[in-house]
Amino acid sequence: MSPPLQSIPSNDTLPSAVDVVVIGGGMAGSAAAYALAGKGLSVALLEKGQVGGEQTSRNWGWCRQQHRDLRELPLAQKSLAMWGGLAAELGSDTGFRRTGLLYVTTRPADLAMWETWTSRARGHQMHSRVLTAAEARAMTPGSTVAWIGGVHSPTDGRAEPAVAGPAIAEGARRRGASIHQQCAARGLDIEAGRVRGVMTEKGRIRSQAVLVAGGAWTSLFCRHHGIRLPQAGVISTSFFTEAAPQVVEGGLSMPEVTIRRRLDGGYTVGLTGRGRLELSPQGLLYARQFWPTFRKRRRDLSLSIGRSFLSGPEGLPRWRLDGVSPFERIRTLDPPADPSLIRKGLARLAASYPALSGLKVASGWGGLIDSTPDGIPVISPVDPLPGLYLSTGYTGHGFGIGPAAGQLAADLIVGDPPIVDPHPYRYRRMIDGTDLGAPGML
Ligand SMILES: Cc1cc2nc3c(=O)[nH]c(=O)nc-3n(C[C@H](O)[C@H](O)[C@H](O)COP(=O)(O)OP(=O)(O)OC[C@H]3O[C@@H](n4cnc5c(N)ncnc54)[C@H](O)[C@@H]3O)c2cc1C
(Lines give C-alpha, C1' and ligand atoms only; values in the text may rest on other atoms or scores of the structure.)
Protein backbone atom coordinates (compact mmCIF):
# COMPACT_ATOMS: atom_id res chain seq x y z
CA MET A 1 0.00 0.00 0.00
CA SER A 2 1.14 3.57 -0.63
CA PRO A 3 0.35 6.59 1.51
CA PRO A 4 -2.25 9.02 0.18
CA LEU A 5 -0.89 11.73 -2.11
CA GLN A 6 -2.38 14.82 -3.73
CA SER A 7 -1.65 14.53 -7.44
CA ILE A 8 -0.84 17.56 -9.55
CA PRO A 9 -0.71 17.88 -13.34
CA SER A 10 2.43 18.15 -15.46
CA ASN A 11 3.18 20.88 -17.94
CA ASP A 12 2.58 19.88 -21.56
CA THR A 13 5.93 20.63 -23.11
CA LEU A 14 9.49 20.28 -21.97
CA PRO A 15 11.37 23.58 -22.32
CA SER A 16 14.52 23.47 -24.45
CA ALA A 17 16.42 25.81 -22.10
CA VAL A 18 15.96 27.20 -18.57
CA ASP A 19 18.18 28.87 -16.00
CA VAL A 20 18.03 25.92 -13.59
CA VAL A 21 16.89 22.31 -13.90
CA VAL A 22 15.85 20.74 -10.60
CA ILE A 23 15.93 16.92 -10.56
CA GLY A 24 13.54 15.35 -8.05
CA GLY A 25 10.04 16.46 -7.06
CA GLY A 26 10.28 15.66 -3.35
CA MET A 27 10.36 18.28 -0.60
CA ALA A 28 13.97 19.24 -1.35
CA GLY A 29 13.44 19.76 -5.09
CA SER A 30 9.99 21.36 -4.85
CA ALA A 31 11.08 23.85 -2.16
CA ALA A 32 14.20 24.75 -4.15
CA ALA A 33 12.15 25.22 -7.34
CA TYR A 34 9.77 27.46 -5.39
CA ALA A 35 12.61 29.59 -4.02
CA LEU A 36 14.45 29.77 -7.36
CA ALA A 37 11.30 30.82 -9.22
CA GLY A 38 10.74 33.40 -6.48
CA LYS A 39 14.09 34.93 -7.41
CA GLY A 40 12.87 35.33 -10.99
CA LEU A 41 14.76 32.41 -12.54
CA SER A 42 13.27 30.08 -15.11
CA VAL A 43 13.07 26.57 -13.64
CA ALA A 44 12.11 23.09 -14.85
CA LEU A 45 11.30 20.57 -12.10
CA LEU A 46 11.79 16.95 -13.23
CA GLU A 47 10.25 14.00 -11.44
CA LYS A 48 10.63 10.40 -12.64
CA GLY A 49 7.32 9.40 -10.98
CA GLN A 50 4.85 11.62 -9.17
CA VAL A 51 5.68 14.81 -7.25
CA GLY A 52 5.96 13.83 -3.59
CA GLY A 53 5.68 10.09 -4.36
CA GLU A 54 8.73 8.87 -2.45
CA GLN A 55 9.91 9.94 1.05
CA THR A 56 8.03 13.23 0.99
CA SER A 57 4.55 11.64 1.19
CA ARG A 58 5.73 8.74 3.36
CA ASN A 59 6.93 10.78 6.32
CA TRP A 60 5.28 11.30 9.68
CA GLY A 61 4.69 15.04 9.22
CA TRP A 62 6.73 16.27 12.19
CA CYS A 63 8.11 19.78 11.68
CA ARG A 64 10.53 20.04 14.52
CA GLN A 65 13.47 21.88 15.93
CA GLN A 66 13.42 19.63 19.00
CA HIS A 67 16.26 17.09 19.16
CA ARG A 68 17.86 18.36 15.95
CA ASP A 69 21.51 17.88 15.43
CA LEU A 70 22.75 21.34 16.49
CA ARG A 71 24.45 21.77 13.10
CA GLU A 72 21.00 21.56 11.55
CA LEU A 73 19.16 23.69 14.08
CA PRO A 74 19.51 27.07 12.27
CA LEU A 75 17.90 25.54 9.19
CA ALA A 76 15.11 24.05 11.34
CA GLN A 77 14.45 27.39 13.05
CA LYS A 78 14.23 29.30 9.76
CA SER A 79 11.92 26.61 8.40
CA LEU A 80 9.58 26.73 11.38
CA ALA A 81 9.28 30.47 10.87
CA MET A 82 8.56 29.93 7.16
CA TRP A 83 5.98 27.13 7.70
CA GLY A 84 3.86 29.64 9.64
CA GLY A 85 3.33 31.84 6.58
CA LEU A 86 3.55 29.25 3.82
CA ALA A 87 -0.15 28.41 3.45
CA ALA A 88 -1.06 32.08 3.00
CA GLU A 89 1.83 32.59 0.57
CA LEU A 90 0.87 29.50 -1.47
CA GLY A 91 -2.85 30.11 -1.22
CA SER A 92 -3.27 26.48 -0.20
CA ASP A 93 -3.23 24.59 3.09
CA THR A 94 -0.11 22.53 3.80
CA GLY A 95 -1.71 21.12 6.94
CA PHE A 96 0.84 22.98 9.07
CA ARG A 97 -0.36 23.67 12.61
CA ARG A 98 1.90 25.03 15.33
CA THR A 99 0.67 22.52 17.88
CA GLY A 100 3.93 21.91 19.69
CA LEU A 101 5.51 18.46 19.99
CA LEU A 102 5.67 16.31 23.07
CA TYR A 103 8.06 13.53 24.05
CA VAL A 104 7.45 11.33 27.10
CA THR A 105 9.36 8.37 28.40
CA THR A 106 9.79 5.67 31.01
CA ARG A 107 13.54 5.40 30.32
CA PRO A 108 16.02 7.42 32.41
CA ALA A 109 18.53 7.39 29.50
CA ASP A 110 16.05 9.28 27.27
CA LEU A 111 15.50 11.90 29.91
CA ALA A 112 19.23 12.39 30.43
CA MET A 113 19.74 12.81 26.67
CA TRP A 114 16.87 15.32 26.41
CA GLU A 115 18.23 17.34 29.32
CA THR A 116 21.64 17.55 27.64
CA TRP A 117 20.16 18.57 24.31
CA THR A 118 17.82 21.15 25.82
CA SER A 119 20.58 22.86 27.75
CA ARG A 120 22.86 22.94 24.68
CA ALA A 121 20.08 24.23 22.44
CA ARG A 122 19.33 27.12 24.82
CA GLY A 123 22.31 28.90 23.26
CA HIS A 124 20.39 28.74 19.96
CA GLN A 125 17.30 30.44 21.40
CA MET A 126 15.36 27.18 21.67
CA HIS A 127 12.67 27.40 24.30
CA SER A 128 11.76 23.79 24.80
CA ARG A 129 11.24 22.57 28.34
CA VAL A 130 12.15 19.34 30.08
CA LEU A 131 9.12 18.01 31.99
CA THR A 132 8.97 16.41 35.40
CA ALA A 133 7.04 13.17 35.82
CA ALA A 134 4.01 15.09 37.10
CA GLU A 135 4.13 17.53 34.17
CA ALA A 136 4.51 14.72 31.63
CA ARG A 137 1.50 12.92 33.09
CA ALA A 138 -0.55 16.14 33.16
CA MET A 139 0.21 16.70 29.47
CA THR A 140 -0.89 13.17 28.50
CA PRO A 141 -4.42 12.92 29.92
CA GLY A 142 -5.90 9.48 29.29
CA SER A 143 -2.55 7.72 29.27
CA THR A 144 -2.18 4.96 31.82
CA VAL A 145 1.64 4.89 31.73
CA ALA A 146 3.71 6.22 34.62
CA TRP A 147 5.93 8.53 32.57
CA ILE A 148 9.07 9.59 34.42
CA GLY A 149 9.37 12.82 32.43
CA GLY A 150 9.35 14.35 29.00
CA VAL A 151 10.15 17.37 26.90
CA HIS A 152 7.84 19.85 25.21
CA SER A 153 8.67 22.13 22.29
CA PRO A 154 5.81 24.63 21.93
CA THR A 155 7.04 26.32 18.73
CA ASP A 156 7.23 23.10 16.71
CA GLY A 157 4.35 21.71 14.70
CA ARG A 158 2.98 19.23 12.25
CA ALA A 159 2.00 19.33 8.57
CA GLU A 160 0.35 16.95 6.09
CA PRO A 161 2.95 15.25 3.88
CA ALA A 162 0.34 14.17 1.33
CA VAL A 163 -0.45 17.77 0.43
CA ALA A 164 2.50 19.91 1.50
CA GLY A 165 5.05 18.76 -1.12
CA PRO A 166 2.65 19.01 -4.07
CA ALA A 167 1.37 22.39 -2.77
CA ILE A 168 4.90 23.80 -2.75
CA ALA A 169 5.55 22.43 -6.27
CA GLU A 170 2.32 24.10 -7.42
CA GLY A 171 3.55 27.29 -5.76
CA ALA A 172 6.71 27.06 -7.88
CA ARG A 173 4.57 26.69 -11.00
CA ARG A 174 2.54 29.77 -10.08
CA ARG A 175 5.84 31.62 -9.93
CA GLY A 176 6.68 30.45 -13.46
CA ALA A 177 8.40 27.06 -13.04
CA SER A 178 7.33 24.12 -15.19
CA ILE A 179 6.74 20.63 -13.74
CA HIS A 180 7.47 17.41 -15.63
CA GLN A 181 6.40 14.13 -14.05
CA GLN A 182 7.11 10.68 -15.51
CA CYS A 183 10.21 12.41 -16.81
CA ALA A 184 13.45 10.95 -15.49
CA ALA A 185 16.73 12.77 -15.78
CA ARG A 186 19.11 10.19 -17.28
CA GLY A 187 22.23 12.21 -16.74
CA LEU A 188 24.01 15.52 -17.10
CA ASP A 189 24.92 17.27 -20.28
CA ILE A 190 28.56 18.25 -19.70
CA GLU A 191 30.65 20.39 -22.04
CA ALA A 192 34.17 21.65 -21.48
CA GLY A 193 34.17 20.46 -17.87
CA ARG A 194 30.98 22.18 -16.76
CA VAL A 195 27.31 21.34 -16.62
CA ARG A 196 25.30 22.66 -19.57
CA GLY A 197 22.01 20.90 -18.96
CA VAL A 198 20.26 17.60 -18.44
CA MET A 199 19.46 14.65 -20.68
CA THR A 200 15.94 13.48 -19.83
CA GLU A 201 13.97 10.56 -21.16
CA LYS A 202 11.94 13.13 -23.13
CA GLY A 203 14.83 15.12 -24.55
CA ARG A 204 17.57 17.55 -23.58
CA ILE A 205 17.14 20.75 -21.52
CA ARG A 206 19.96 23.29 -21.61
CA SER A 207 20.66 25.14 -18.35
CA GLN A 208 23.27 27.13 -16.47
CA ALA A 209 22.85 25.07 -13.32
CA VAL A 210 21.42 21.73 -12.28
CA LEU A 211 20.27 20.89 -8.75
CA VAL A 212 20.05 17.17 -7.99
CA ALA A 213 17.50 16.57 -5.24
CA GLY A 214 16.90 12.93 -6.03
CA GLY A 215 16.53 11.59 -2.49
CA ALA A 216 17.71 7.98 -2.30
CA TRP A 217 18.68 8.03 -6.00
CA THR A 218 21.15 10.89 -5.80
CA SER A 219 24.25 8.81 -5.16
CA LEU A 220 23.50 6.58 -8.15
CA PHE A 221 22.93 9.63 -10.36
CA CYS A 222 26.21 11.16 -9.22
CA ARG A 223 28.16 7.90 -9.64
CA HIS A 224 27.23 7.85 -13.33
CA HIS A 225 29.38 10.98 -13.64
CA GLY A 226 32.22 9.76 -11.44
CA ILE A 227 31.10 11.81 -8.40
CA ARG A 228 31.29 10.09 -5.02
CA LEU A 229 28.41 10.60 -2.61
CA PRO A 230 28.23 8.25 0.38
CA GLN A 231 24.56 7.55 0.92
CA ALA A 232 22.71 4.64 2.54
CA GLY A 233 19.04 3.75 2.83
CA VAL A 234 17.07 2.31 5.72
CA ILE A 235 13.52 1.04 5.21
CA SER A 236 10.98 2.05 7.80
CA THR A 237 7.30 1.11 8.31
CA SER A 238 4.51 3.59 9.07
CA PHE A 239 0.73 3.52 8.95
CA PHE A 240 -2.27 5.70 9.54
CA THR A 241 -5.48 5.00 11.35
CA GLU A 242 -9.07 5.86 10.72
CA ALA A 243 -10.50 8.75 12.80
CA ALA A 244 -9.90 8.16 16.50
CA PRO A 245 -10.37 10.02 19.80
CA GLN A 246 -8.00 12.98 20.21
CA VAL A 247 -5.34 12.29 22.84
CA VAL A 248 -2.87 14.86 21.53
CA GLU A 249 -3.16 17.84 19.19
CA GLY A 250 0.26 17.65 17.57
CA GLY A 251 2.88 14.92 17.71
CA LEU A 252 3.56 12.62 20.64
CA SER A 253 6.63 10.43 20.92
CA MET A 254 6.61 7.52 23.35
CA PRO A 255 9.12 4.69 23.62
CA GLU A 256 9.03 2.72 20.35
CA VAL A 257 6.01 4.51 18.87
CA THR A 258 5.08 8.01 17.74
CA ILE A 259 1.72 9.45 16.75
CA ARG A 260 0.82 12.58 14.88
CA ARG A 261 -2.72 13.91 14.77
CA ARG A 262 -3.93 14.25 11.18
CA LEU A 263 -6.34 16.79 9.74
CA ASP A 264 -8.78 13.94 8.99
CA GLY A 265 -8.93 12.98 12.69
CA GLY A 266 -6.80 9.84 12.40
CA TYR A 267 -3.17 9.36 13.45
CA THR A 268 -0.05 8.76 11.45
CA VAL A 269 1.87 6.19 13.48
CA GLY A 270 5.60 5.60 13.26
CA LEU A 271 7.73 2.88 14.79
CA THR A 272 10.84 4.49 16.20
CA GLY A 273 14.21 2.80 16.15
CA ARG A 274 13.03 0.01 13.83
CA GLY A 275 14.60 -0.12 10.39
CA ARG A 276 15.52 -2.67 7.75
CA LEU A 277 18.84 -2.37 6.00
CA GLU A 278 19.11 -4.18 2.69
CA LEU A 279 22.64 -5.18 1.84
CA SER A 280 23.54 -3.58 -1.47
CA PRO A 281 26.54 -2.96 -3.71
CA GLN A 282 26.39 0.76 -2.86
CA GLY A 283 26.24 -0.15 0.83
CA LEU A 284 29.44 -2.15 0.45
CA LEU A 285 31.07 0.69 -1.49
CA TYR A 286 30.51 3.14 1.36
CA ALA A 287 30.62 0.66 4.28
CA ARG A 288 33.64 2.30 5.89
CA GLN A 289 31.99 5.74 6.13
CA PHE A 290 28.80 4.28 7.61
CA TRP A 291 30.44 1.83 10.00
CA PRO A 292 30.33 4.09 13.13
CA THR A 293 26.60 4.82 12.68
CA PHE A 294 25.87 1.21 11.86
CA ARG A 295 27.57 0.01 15.05
CA LYS A 296 25.60 2.50 17.11
CA ARG A 297 22.25 1.52 15.57
CA ARG A 298 22.92 -2.20 15.00
CA ARG A 299 20.38 -3.36 17.62
CA ASP A 300 17.57 -1.43 15.92
CA LEU A 301 18.28 -2.67 12.39
CA SER A 302 17.33 -5.91 10.72
CA LEU A 303 19.55 -6.94 7.82
CA SER A 304 18.44 -8.62 4.63
CA ILE A 305 19.39 -9.16 1.02
CA GLY A 306 16.53 -7.79 -1.00
CA ARG A 307 15.66 -6.05 -4.19
CA SER A 308 18.29 -3.36 -3.62
CA PHE A 309 21.05 -5.81 -4.35
CA LEU A 310 20.23 -6.05 -8.04
CA SER A 311 17.96 -3.11 -8.81
CA GLY A 312 16.87 0.07 -7.10
CA PRO A 313 18.89 3.07 -6.07
CA GLU A 314 21.71 1.15 -4.41
CA GLY A 315 22.70 -1.14 -7.25
CA LEU A 316 25.66 -0.49 -9.54
CA PRO A 317 23.98 -0.42 -12.97
CA ARG A 318 25.48 1.25 -16.03
CA TRP A 319 23.39 2.96 -18.66
CA ARG A 320 23.66 5.23 -21.69
CA LEU A 321 22.02 8.62 -21.88
CA ASP A 322 20.17 7.55 -25.04
CA GLY A 323 18.84 4.36 -23.42
CA VAL A 324 16.46 3.50 -20.59
CA SER A 325 17.97 4.48 -17.23
CA PRO A 326 17.40 2.86 -13.80
CA PHE A 327 15.26 5.88 -12.88
CA GLU A 328 12.66 4.86 -15.47
CA ARG A 329 12.56 1.25 -14.27
CA ILE A 330 11.29 2.18 -10.78
CA ARG A 331 9.04 5.20 -11.04
CA THR A 332 8.23 5.16 -7.31
CA LEU A 333 10.15 3.36 -4.59
CA ASP A 334 7.40 1.62 -2.66
CA PRO A 335 8.89 -0.82 -0.15
CA PRO A 336 6.28 -2.98 1.56
CA ALA A 337 5.24 -2.23 5.14
CA ASP A 338 6.16 -4.84 7.74
CA PRO A 339 2.80 -6.15 9.11
CA SER A 340 4.43 -7.34 12.34
CA LEU A 341 5.55 -3.76 13.06
CA ILE A 342 2.03 -2.46 12.40
CA ARG A 343 0.65 -4.98 14.90
CA LYS A 344 3.32 -3.97 17.38
CA GLY A 345 2.49 -0.27 16.92
CA LEU A 346 -1.22 -0.90 17.54
CA ALA A 347 -0.42 -2.91 20.66
CA ARG A 348 1.87 -0.18 22.03
CA LEU A 349 -0.82 2.47 21.49
CA ALA A 350 -3.49 0.38 23.17
CA ALA A 351 -1.14 -0.28 26.10
CA SER A 352 -0.46 3.46 26.54
CA TYR A 353 -3.94 4.83 25.89
CA PRO A 354 -7.06 2.73 26.50
CA ALA A 355 -8.94 5.16 24.23
CA LEU A 356 -6.71 4.04 21.37
CA SER A 357 -7.48 0.31 21.61
CA GLY A 358 -9.02 -1.36 18.59
CA LEU A 359 -7.92 1.34 16.12
CA LYS A 360 -8.54 0.53 12.46
CA VAL A 361 -5.56 0.81 10.10
CA ALA A 362 -6.46 2.85 7.00
CA SER A 363 -3.15 2.33 5.19
CA GLY A 364 0.40 1.16 5.89
CA TRP A 365 3.55 1.72 3.86
CA GLY A 366 7.30 1.47 3.78
CA GLY A 367 9.66 4.34 3.11
CA LEU A 368 13.34 4.28 2.28
CA ILE A 369 15.18 6.94 4.30
CA ASP A 370 18.34 8.20 2.60
CA SER A 371 21.17 8.98 5.00
CA THR A 372 24.62 10.50 5.03
CA PRO A 373 27.42 9.25 7.31
CA ASP A 374 27.14 12.29 9.62
CA GLY A 375 23.36 12.46 9.53
CA ILE A 376 22.98 15.94 8.09
CA PRO A 377 22.23 16.85 4.46
CA VAL A 378 24.41 17.99 1.60
CA ILE A 379 23.17 21.34 0.29
CA SER A 380 26.04 22.56 -1.77
CA PRO A 381 27.78 23.16 -5.06
CA VAL A 382 29.80 20.15 -6.20
CA ASP A 383 33.14 21.81 -6.79
CA PRO A 384 34.68 19.23 -9.14
CA LEU A 385 31.88 19.96 -11.62
CA PRO A 386 30.88 23.64 -12.02
CA GLY A 387 27.15 24.16 -12.46
CA LEU A 388 26.21 21.09 -10.40
CA TYR A 389 24.49 21.45 -7.00
CA LEU A 390 23.09 18.90 -4.55
CA SER A 391 20.29 19.03 -2.01
CA THR A 392 20.05 15.55 -0.55
CA GLY A 393 20.86 13.17 2.31
CA TYR A 394 18.21 14.46 4.72
CA THR A 395 18.58 11.34 6.91
CA GLY A 396 14.96 11.06 7.98
CA HIS A 397 14.34 14.70 8.86
CA GLY A 398 14.10 16.67 5.62
CA PHE A 399 10.39 17.39 5.57
CA GLY A 400 10.30 19.87 8.44
CA ILE A 401 13.43 21.69 7.27
CA GLY A 402 12.31 21.65 3.64
CA PRO A 403 11.29 25.32 3.29
CA ALA A 404 14.63 26.79 4.44
CA ALA A 405 16.63 24.02 2.77
CA GLY A 406 15.02 24.98 -0.54
CA GLN A 407 15.82 28.63 0.12
CA LEU A 408 19.45 27.78 0.94
CA ALA A 409 19.88 25.76 -2.27
CA ALA A 410 18.45 28.66 -4.27
CA ASP A 411 20.70 31.21 -2.50
CA LEU A 412 23.78 29.13 -3.30
CA ILE A 413 22.84 28.71 -6.96
CA VAL A 414 22.14 32.42 -7.44
CA GLY A 415 25.03 33.60 -5.28
CA ASP A 416 22.79 35.50 -2.84
CA PRO A 417 23.63 35.82 0.87
CA PRO A 418 22.66 32.41 2.26
CA ILE A 419 19.70 32.11 4.64
CA VAL A 420 21.95 30.18 7.08
CA ASP A 421 25.67 29.39 7.18
CA PRO A 422 26.05 26.69 4.49
CA HIS A 423 29.35 25.36 5.85
CA PRO A 424 27.95 22.31 7.74
CA TYR A 425 26.17 21.14 4.56
CA ARG A 426 29.09 21.38 2.14
CA TYR A 427 29.69 18.53 -0.30
CA ARG A 428 33.45 18.50 0.24
CA ARG A 429 33.13 16.93 3.69
CA MET A 430 31.77 13.83 1.95
CA ILE A 431 34.96 13.26 0.03
CA ASP A 432 37.71 14.51 2.32
CA GLY A 433 36.04 13.49 5.61
CA THR A 434 36.55 16.92 7.24
CA ASP A 435 34.26 17.50 10.19
CA LEU A 436 32.36 14.30 9.56
CA GLY A 437 31.26 13.92 13.15
CA ALA A 438 28.92 11.18 14.27
CA PRO A 439 25.22 11.92 13.80
CA GLY A 440 23.82 14.07 16.58
CA MET A 441 20.46 13.54 18.21
CA LEU A 442 17.90 12.62 15.55
C1 LIG B 1 8.91 6.82 7.33
C2 LIG B 1 9.51 8.19 7.27
C3 LIG B 1 9.21 9.13 8.26
C4 LIG B 1 9.75 10.41 8.23
N5 LIG B 1 9.33 11.35 9.13
C6 LIG B 1 9.75 12.62 9.02
C7 LIG B 1 9.21 13.64 9.85
O8 LIG B 1 8.32 13.40 10.66
N9 LIG B 1 9.72 14.90 9.73
C10 LIG B 1 10.70 15.20 8.82
O11 LIG B 1 11.15 16.35 8.80
N12 LIG B 1 11.16 14.27 7.97
C13 LIG B 1 10.71 13.00 8.03
N14 LIG B 1 11.15 12.05 7.16
C15 LIG B 1 12.16 12.42 6.18
C16 LIG B 1 11.62 13.18 5.00
O17 LIG B 1 10.47 12.54 4.48
C18 LIG B 1 12.70 13.27 3.94
O19 LIG B 1 13.93 13.70 4.51
C20 LIG B 1 12.33 14.24 2.84
O21 LIG B 1 11.04 13.97 2.35
C22 LIG B 1 13.37 14.12 1.74
O23 LIG B 1 12.94 14.84 0.63
P24 LIG B 1 13.73 14.68 -0.71
O25 LIG B 1 13.10 15.61 -1.67
O26 LIG B 1 15.19 14.79 -0.45
O27 LIG B 1 13.51 13.14 -1.16
P28 LIG B 1 12.25 12.42 -1.79
O29 LIG B 1 10.98 12.85 -1.21
O30 LIG B 1 12.56 10.96 -1.76
O31 LIG B 1 12.24 12.95 -3.28
C32 LIG B 1 13.21 12.63 -4.24
C33 LIG B 1 12.50 12.56 -5.58
O34 LIG B 1 13.45 12.52 -6.63
C35 LIG B 1 12.91 11.73 -7.67
N36 LIG B 1 14.03 11.33 -8.51
C37 LIG B 1 15.13 10.61 -8.15
N38 LIG B 1 15.97 10.47 -9.19
C39 LIG B 1 15.40 11.10 -10.24
C40 LIG B 1 15.79 11.29 -11.60
N41 LIG B 1 16.93 10.81 -12.08
N42 LIG B 1 14.97 12.00 -12.40
C43 LIG B 1 13.80 12.52 -11.92
N44 LIG B 1 13.37 12.34 -10.65
C45 LIG B 1 14.17 11.66 -9.82
C46 LIG B 1 12.24 10.60 -6.91
O47 LIG B 1 11.28 9.93 -7.70
C48 LIG B 1 11.65 11.30 -5.70
O49 LIG B 1 10.30 11.66 -5.89
C50 LIG B 1 10.64 10.75 7.17
C51 LIG B 1 10.94 9.82 6.17
C52 LIG B 1 10.37 8.56 6.19
C53 LIG B 1 10.65 7.61 5.05
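The values are calculated or read from the model by the stated rules, or taken from the named source; none is laboratory data. These numbers come from a predicted model, not from an experiment. Positions of Cβ are backbone-derived with ideal geometry, glycine not excepted, and every protein chain shown enters the neighbour counts. Keep in mind that these areas ignore ligands, DNA and RNA; they rest on the heavy atoms of the full protein, side chains included. Shrake-Rupley method; radii C 1.70, N 1.55, O 1.52, S 1.80 Å.
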| message | Quick query: amide H of GLY149 versus all other amide H atoms, modeled in the peptide plane; which residues come in under 5 Å with a sequence gap of 5 or more or a different chain? | response | THR105
| message | 7 Å from Cα along Cα→Cβ at both ALA17 and ILE431: what's the point-to-point distance in nm? | response | 2.9
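Counting pairs of alpha carbon atoms under 8 Å apart in space and at least six apart in sequence, what relative contact order in percent does the range 255-317 give?
Values: 70 pairs, mean separation 21.4, N = 63.
In percent, rounded to a whole number, it is 34.
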| field | Part-to-part distance (alpha-carbon centres) for the range 263-294 and the range 347-380, which is given in Å | value | 11
| note | Taking ASP189, ASP322 and ranking on accessible area (1.4 Å, protein atoms only), highest first, one gets ASP322, ASP189
| request: Quick one: divide the alpha-carbon radius of gyration of the range 140-264 by 2.2 N^0.38 Å and tell me what you get. | output: 1.56
| message | Quick check: net charge around GLU191, other residues with Cβ under 13 Å of its Cβ, Lys/Arg +1 and Asp/Glu -1? | response | +3
| HN-Hα J couplings of the range 88-93 from phi, Karplus 6.51/-1.76/1.60, θ = phi - 60°, integer Hz, Gly and Pro as x? | 5, 5, 7, x, 7, 6
| Probe 1.4 Å, accessible area per residue of the chain, Å² | 39
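Would you kindly state how much longer the chain becomes between ARG129 and LEU321 on full extension, computed as 0.36 nm times their sequence separation minus their alpha carbon distance, in nm to one decimal? Working shown, then result.
Values: separation 192, 0.36 × 192 = 69.12 nm, distance 5.32 nm.
Extra length from ARG129 to LEU321 when fully extended: 63.8 nm.
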| message | Quick check: pseudo-label points 7 Å beyond the Cα along Cα→Cβ at GLU242 and SER357, how many nm apart are they? | response | 1.8
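Given Cα pairs under 8 Å that are at least 6 residues apart, what percent is the relative contact order of the range 55-154?
Working: 104 pairs, mean separation 29.3, N = 100.
Dividing the mean separation by the residue count of the range 55-154 yields 29 percent.
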| field | Kirkwood-based Rg to Rh ratio, the range 212-332, C-alpha trace | value | 1.07
| said: For the chain, set up a GNM with springs between Cα atoms under 10 Å and report which of ARG98, ARG223, ARG320 has the largest fluctuation. | reply: ARG320
| With springs only between Cα atoms under 10 Å, which of ILE23, ILE235, ILE431 fluctuates most in a Gaussian network model of the chain? | ILE431
| said: Projecting each Cα onto the charge dipole of the chain (Lys/Arg +1, Asp/Glu -1 at the beta carbon, about the Cα centre), which of THR13, THR241, PRO161 comes out farthest on the positive side? | reply: THR241
| remark: Taking 0.36 nm per residue of separation between ALA287 and ARG194 and subtracting their Cα-Cα distance, the length gained on full extension comes to 30.5 nm
| said: What is the angle, in °, between the Cα long axis of helix 287-297 and the longest principal axis of the Cα atoms in the chain? Nearest 10 is fine, range 0 to 90. | reply: 10
| query | For the range 315-442, what's the radius of gyration and Dmax over Cα atoms, in angstrom? | reply | 19.8, 58
| In deg cm²/dmol and to the nearest 500, what is the mean residue ellipticity at 222 nm of the chain if only DSSP H runs of at least 4 residues count, each as -39500 (n - 2.57), divided by the residue total? | -8500 deg cm²/dmol
| Relative to the longest principal axis of the chain, what angle (0 to 90°, nearest 10) does the C-alpha long axis of helix 402-414 take? | 30
| request: For the chain, build the charge dipole from Cβ charges (+1 Lys, Arg; -1 Asp, Glu) around the Cα centre, then report which of MET27, GLY251, LEU271 sits farthest towards its positive end. | output: LEU271
| When the convex hull of the C-alpha atoms of the range 4-104 is computed, what volume per residue in Å³ does it have? | 139
| task | Cross-chain or 8 or more residues apart, Cα under 24 Å: how many lysine pairs in the chain fit that? Count them up, please. | result | 4
| request: Per residue of the range 317-334, in order, report the coupling 6.51 cos²θ - 1.76 cosθ + 1.60 (Karplus, θ = phi - 60°) as ³J(HN,Hα) in whole Hz, putting x for Gly and Pro. | output: x, 10, 7, 9, 5, 9, x, 5, 9, x, 5, 7, 7, 10, 5, 9, 5, 9
| In order through the range 68-80: 3J(HN,Hα) via Karplus (6.51 cos²θ - 1.76 cosθ + 1.60), integer Hz, x for Gly, Pro | 5, 3, 4, 5, 9, 4, x, 5, 5, 5, 4, 5, 4
| request: Could you give me the percent of Cα pairs per 20 Å distance bin for the chain, shortest bin first, beginning at zero and ending with the bin that holds the maximum distance? | output: 27, 60, 13, 0
| Pairwise label distance in nanometres, ASP93 with LEU263, each label 7 Å out on the Cα-Cβ vector | 0.4
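What is the sum of charges around ILE148, taking Lys and Arg as +1, Asp and Glu as -1, for the other residues whose C-beta is under 13 Å from the C-beta of ILE148? Let's see the in-between values first.
Values: positive: ARG107, ARG137; negative: ASP110, GLU115, GLU135.
The answer is -1.
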| message | Between GLY283, GLY402, GLY226, where does the largest GNM mean-square fluctuation fall for the chain, given springs only between Cα atoms within less than 10 Å? | response | GLY226
| message | Over the chain, what is the relative contact order in percent, taking alpha-carbon pairs closer than 8 angstrom and at least six residues apart? | response | 24
